[in-house]
Amino acid sequence: MTANFEEVLKQSNQHPKPAGLVLEYGTSGFRSNAKQLDHIMFRMGMLATLRSKKTKATIGVMVTASHNPEEDNGVKLVDPMGEMVTPTWEGYATQLANAEEEDLLTALRDITEKEAINLSQEANVFVGKDTRSSSARLSQAALDGINALGGRSKDYGLVTTPQLHYMVCCQNTQGKYGDATVEGYYSKLSQAFTQLTKNASNCTDDQKHLCVDGANGIGALKVREMESYLKNDLQMSVFNDGSKGKLNFQCGADFVKVQQKPPAGIEINPGDRCCSFDGDADRIVYYYTDSQGLFHLLDGDKIATLICTFLKELLNQAGLDLKIAVVQTAYANGSSTHYLENTMKVIIKCTKTGVKHLHHAAQEFDIGVYFEANGHGTVLFSKAAEEKIHQLANDGSISGERKKAALLLQSTISVINQTVGDAISDMLLIEAILAIKGMTVQQWDTIYTDLPNRQLKVKVADRRVIDTTDAERRAVSPAGLQDAIDCLVKKYRQARSFVRPSGTEDVVRVYSEADTQESADALAHEVSLAVYRLAGGVGDEPKLLH
């Protein structure tokens, strides 16, 4: 197989690695300034080819940096069922990315031997990219990497991250999941949406209207393409569509969630229902302003609660005994956890931050609803649950409410992109639920009231001094930090606080909530000071927010 590797060396010269540069495959792949990523893309093209040879399946390479600023870029690898790449291979990604030029072949051989890969096995890789100016050049580097190891590639061009995950899953299920084209994606989702909303008898045009902030990214383009498939079942006004604004700048899901205010570039009237995507359209948050001009955010927790309530009602009506659970992280608002456990009586599971942890936990149940508070999430149905629902929907001997509920569940499964959190799919599901239940965004908002909360970050010399347990809710080290947090929390009502190291930079993230915003802010500040003093803070002491 030496011929292959000669080709690798020849092509690698076109994509040289800056000596000494070290990057890590984080929770969502590589992300950095686009100027540093040419060699990374080339090598991830090669790694995807090896992964394809190993799994004898199609693998995906998505060029995007999601909600990061426009000058950044990144890459995510997609495994055969449309899920994120397995942890062992994240390690290989880091190893291959950081090998100096002269060690590249050794690194490739090492992975090939460890995984017992037959290099003559054919390989197929799907490639997609977002709208960043650097994406065309970088996706070409990935295509070069695939080519260097003799893989076959299909370039989907501009697609959302969830669309690429969807294509990979369609391809590897031989079309059982759907047709591996963008048109196939639009058709499947919009038909399911139409089937669902047929059950919302008297929906006015006013109720069908939604303002969408596309973050000046790929999501805006794709929503526009999809409009014709939706006929008049949903009427969208798309803002921040990329025609003039900058990607993710003062707009998008991340901006709205963190700043707790509407994005720039969107005109909203009191009561208008609005949503924001992030840069690669795998996150969504909803919001509105009330008659007093106050901003109301409906984040991932509110979305999970709405979806869970809807599914639970349908399961009861259909007489199906399926175990439904909601998977959250420590960032989930305490009110949502309390409501789901005590009022809805559903199982709650808490995992570490990072979608891959939630996705994995959701697979343990018949139906697993998972959303991070930032709006990234989806719903997973086990094979057995899907079969039970399809059997009931196609059972000629039942009728009435049971039949209707089973058919609604069947359409719900089809509108959901189970491979990964998908802003477009989540939006259609939420819109369908609101229409069927005849609910306004304000009524949805009042299901429970969020506890006031605050997120801060503290710069430290080395984030690794912080170690956590209990799904990141308790600090194990440095010594004395958790005791300090426990003492501070006791001073406030309905309070909790936790700290965790960032996955990407030397900062410690602080989260706190309490019965008033003033208390939440004060608690966050005091916990920040404790982190600064006990965990090696750098720069000035954290100041109290005013």
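The values are calculated or read from the model by the stated rules, or taken from the named source; none is laboratory data. Values in this document were obtained by computation on a predicted structure and should not be read as measured data. No Cβ is skipped: glycine too gets one built from the backbone with ideal geometry, and neighbour counts run over all protein chains shown. Surface areas here come from the heavy atoms of the whole protein model, side chains and all, with no ligands, DNA or RNA. Shrake-Rupley method; radii C 1.70, N 1.55, O 1.52, S 1.80 Å.
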message: Quick check on Gly252: is it of a type outside the set (D, E, K, R), modelled with pLDDT under 95 and in contact with a strand residue (DSSP E or B) (Cβ under 7 Å, 6 or more places away or on another chain)?
response: no
So, Arg474, is that one at pLDDT 95 or above, at negative phi and open to solvent by 30 Å² or more (accessible area, probe 1.4 Å) or not?
yes
Inside the stretch 244-296, the number of residues satisfying the requirement of being among the acidic types (Asp, Glu) and open to solvent by 10 Å² or more (accessible area, probe 1.4 Å) is 4
In the stretch 329-345, anything closer than 25 Å to Thr440 by Cα, open to solvent by 10 Å² or more (accessible area, probe 1.4 Å) and either polar (S, T, N, Q) or in contact (Cβ under 8 Å) with a residue 24 or more places away in the chain (or both) is listed as Gly334, Ser335, Thr337, His338, Tyr339, Asn342, Thr343, Met344
Flag if Glu90 is in contact with a His (Cβ under 7 Å, 6 or more places away or on another chain), within 30 Å of Ile416 (Cβ to Cβ) and of a type in the set (D, E, K, R) | no
Only unsatisfied item for Tyr288, checking (1) of a type outside the set (Asp, Glu); (2) in contact (Cβ under 8 Å) with a residue 24 or more places away in the chain; (3) not in a strand (DSSP E or B), is (3)
Review point. Within the stretch 450-469, can one find any residue that is open to solvent by less than 20 Å² (accessible area, probe 1.4 Å) and of a type in the set (Gly, Ala, Ser)?
Key: no
Residue hits (the stretch 507-536; among the polar types (S, T, N, Q) and open to solvent by 30 Å² or more (accessible area, probe 1.4 Å)) are Thr516, Gln517
Of Asn73, Asn33, Asn68, the only residue that is at pLDDT below 95 and closer than 22 Å to Phe277 by Cβ is Asn68
Would you confirm whether or not the stretch 312-326 contains a residue that is in contact with a Phe, Trp or Tyr (Cβ under 9 Å, 6 or more places away or on another chain), part of a helix (DSSP H, G or I), of a type in the set (A, V, I, L, M, F, W, C) and more than 25 Å from Gln207 (Cβ to Cβ)? no
With the first residue restricted to the stretch 228-250 and required to be farther than 18 Å from Ile436 by Cβ, and the second required to be of a type in the set (Phe, Trp, Tyr), Cβ contacts under 6 Å at 6 or more apart or on different chains are Tyr229/Tyr186
Filtering the stretch 346-376 down to residues that are out of contact with any His (no Cβ under 9 Å at 6 or more places or on another chain), crowded, with 20+ Cβ neighbours inside 10 Å and in a strand (DSSP E or B) yields Ile367, Val369, Phe371
Residue set Ser52, Ser28; condition touching a residue at least 60 places away in the same chain (Cβ under 8 Å) and open to solvent by less than 10 Å² (accessible area, probe 1.4 Å); output residue Ser52
Just one listed residue, out of Ile430, Ile367, Ile389, is touching a residue at least 40 places away in the same chain (Cβ under 8 Å), under 28 Å from Tyr331 (Cα atoms), among the aliphatic types (A, V, I, L, M) and out of contact with any strand residue (DSSP E or B) (no Cβ under 6 Å at 6 or more places or on another chain), and it is Ile430
The correct count of residues that are farther than 17 Å from Gly421 by Cα and either aromatic (Phe, Trp, Tyr) or under 20 Å from the mean Cα position of the chain (by Cα) (or both) in the stretch 353-396 is 2
Practice prompt. Could you please let me know if Val415 is buried (at least 20 other Cβ atoms within 10 Å of the Cβ) and in contact with a His (Cβ under 8 Å, 6 or more places away or on another chain)?
Written response: no
* So Ala57, is it open to solvent by 10 Å² or more (accessible area, probe 1.4 Å) and among the aliphatic types (A, V, I, L, M) -> yes
Taking the stretch 100-114 and keeping only residues that are among the acidic types (Asp, Glu) and within 23 Å of His15 (Cβ to Cβ), one is left with Glu100, Glu101, Glu102, Asp103, Asp110
Given the conditions (1) surrounded by fewer than 21 Cβ atoms within 10 Å (Cβ to Cβ); (2) closer than 23 Å to Val420 by Cβ; (3) in contact (Cβ under 8 Å) with a residue 12 or more places away in the chain; (4) not small (Gly, Ala, Ser), every one holds for Glu101 apart from (2)
Restricting the stretch 486-516 to residues that are modelled with pLDDT of 95 or more, farther than 22 Å from Gln328 by Cα and not charged (D, E, K, R), the one nearest to the chain's Cα centre (by Cα) turns out to be Thr516
Restricted to the stretch 153-176 and to residues being assigned to a helix (DSSP H, G or I) and either among the β-branched types (Val, Ile, Thr) or touching a His at 6+ places or on another chain (Cβ under 7 Å) (or both), the residue surrounded by the most Cβ atoms within 10 Å (Cβ to Cβ) is Thr161
So, Thr88, is that one surrounded by fewer than 23 Cβ atoms within 10 Å (Cβ to Cβ) and on the phi < 0 side of the Ramachandran plot or not?
yes
Mind checking whether some residue in the stretch 393-406 is assigned to a strand (DSSP E or B), of a type outside the set (Phe, Trp, Tyr) and either open to solvent by 10 Å² or more (accessible area, probe 1.4 Å) or without any contact (Cβ under 8 Å) to a residue 40 or more places away in the chain (or both)?
-> no
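One line per residue, one yes/no per condition, for (1) within 27 Å of Phe295 (Cβ to Cβ); (2) modelled with pLDDT under 95; (3) charged (D, E, K, R); (4) not in a loop (DSSP other than H, G, I, E, B):
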{"residue": "Leu189", "(1), (2), (3), (4)": "no, no, no, yes"}
{"residue": "Phe193", "(1), (2), (3), (4)": "no, no, no, yes"}
{"residue": "Val223", "(1), (2), (3), (4)": "yes, no, no, yes"}
{"residue": "Ser243", "(1), (2), (3), (4)": "yes, yes, no, no"}
{"residue": "Pro262", "(1), (2), (3), (4)": "yes, no, no, no"}
{"residue": "Asn269", "(1), (2), (3), (4)": "yes, yes, no, no"}
